[in-house]
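Computed from the coordinates by the stated procedures, all read-outs in this text should not be read as laboratory data. Here the structure is a predicted model, which is why all the values come from computation and not from measurement. Cβ coordinates were reconstructed from backbone atoms using ideal geometry, including for glycine residues, and neighbour counts include every protein chain displayed.
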Amino acid sequence: MLGEPVPESPGLLDAWIAERYLTVFEESWRCYPDVQPCLETLKRLSRGPRLAVLTNGDPEQQRAKLARFGLLEYFEAVLTPAELGVAKPVAYAAACRWMRTDPAQAVNVGDMLESDVHAAARAGLTGIWLDRGIDFVTGGPSPTADETVLRIERLTDLPDHLSRTNV
């Protein structure tokens, strides 16, 4: 990414990541334009959903991303393996326990078909696939989902979709 050799020594690698990589990585963060409008619409609903972020990422980094884009206030919790003691896919059930909600009444919206949508469904949640037209693992086109997958292309479609799922 930086066009530099990566140090092999663990100590030098830690310093290189902290001094060189993380700065460039954080500068590359972008927020999709449909995120805040979706969250605002959900907040205005008479029976608006309780929201949490569930990620396998670093907790401080995830909170920093949300704060940088003014999104942290919309979420009750940012749940990571550090808080839950487990990572996805086991974390879906753990997140429901943390939020004191029945998985049958919970929805997980994610952009990765297998690890976000199918894994959440196996844990008893309703999975909604945010298909942005790219497979974030391979960088290629989105995978093909069967007709049972609930799919949206923009987060601004989520509030209407939620009203149809009855969760």
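Grab the other residues whose beta carbon is less than 12 angstrom from that of Gly110, score K and R as +1, D and E as -1, and report the net.
-1
What do you get for Rg/Rh of the stretch 22-67 when both radii come from the Cα atoms and Rh is the Kirkwood radius?
1.05
Relative contact order for the stretch 1-137 using alpha-carbon pairs under 8 Å, separation at least 6, rounded to a whole percent?
14
Between beta-carbons, use under 10 Å as the cut-off and find the net charge around Glu153, counting Lys and Arg +1, Asp and Glu -1.
With Lys, Arg at +1 and Asp, Glu at -1, the neighbours total 0.
Per residue, how big is the convex hull around the C-alpha atoms of the chain? Give it to me in cubic angstrom, could you?
That works out to 138 Å³ per residue.
222 nm [θ] for the chain, helices only, -39500 (n - 2.57) per DSSP H run of 4+, per residue, to 500?
-8500 deg cm²/dmol
Give me the net charge for the shell around Ala15: Cβ to Cβ below 15 angstrom, other residues only, Lys and Arg +1, Asp and Glu -1.
Its environment carries a net charge of -3.
Just how large is the dipole of the stretch 1-105 about the Cα centre, in debye to the nearest 20, putting +1 at every Lys and Arg Cβ and -1 at every Asp and Glu Cβ?
Roughly 700 debye for the stretch 1-105.
Efficiency by 1/(1 + (r/R0)^6): what FRET value for Arg63 and Glu114, r their Cβ-Cβ distance, R0 = 25 Å, to the nearest 0.05?
Efficiency at R0 = 25 Å is approximately 0.45.
In the stretch 68-124, how does Rg compare with the Kirkwood Rh, expressed as the Rg/Rh ratio over alpha carbon atoms?
0.97
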